[in-house]
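The values are calculated or read from the model by the stated rules, or taken from the named source; none is laboratory data. Note that the structure is predicted; figures quoted are calculated from it, not measured. Glycine gets a Cβ as well: all are built from the backbone with ideal geometry, and neighbour counts include every protein chain shown.
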Amino acid sequence: MGGGNGQKSAKARERAQAKLAAEAKGSQLKTNEKSMSLKCAVCMQTFMCTSTEVKLREHSDNKHPKEDFYRCFPSMTPEAQEAAAADAAAAEVAAKVAAQQAPKEKQKAKVYKGSK
Ligand SMILES: [Zn+2]
């Protein structure tokens, strides 16, 4: 029985490692998808999210001279950019709050220990 269990756990470990590897691959794919997050709404061509507005304007000027720049890239409107910046700022604040709360929790744990 004991030997069987050992074999089982070894197989389980193998499976867990395979799962982790698969997950790592998946997250890598997700990262790649994210880096291609800019899409022209007119011709559906994708661009790296790091593409500059100048490059995107070049595309809309060359490929869709009759279309508005923001018609091609709705995410580049000042409103969308503001919303994205607000999101980033909110995430930063949340991270700061979490960092501030972490040491407090440690202090509390100490107090509880001492009072016991
Ligand atoms: Zn286009």
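Of all residues in region 55-66, those that are farther than 13 Å from residue 39 by Cα and surrounded by 12 or more Cβ atoms within 10 Å (Cβ to Cβ) have Cβ atoms under 7 Å from Cβ atoms of residues that are at pLDDT 95 or above and aliphatic (A, V, I, L, M), 6 or more apart or on another chain, in 64/42. Per this entry, residue 51 is counted among residues that are at pLDDT 75 or above, under 22 Å from the mean Cα position of the chain (by Cα) and within 30 Å of residue 64 (Cα to Cα). For region 68-88, filtered to residues that are within 12 Å of the ligand (Cβ to nearest atom) and in contact with a helix residue (DSSP H, G or I) (Cβ under 6 Å, 6 or more places away or on another chain), the residue that is nearest to residue 49 (Cα to Cα) is 73.
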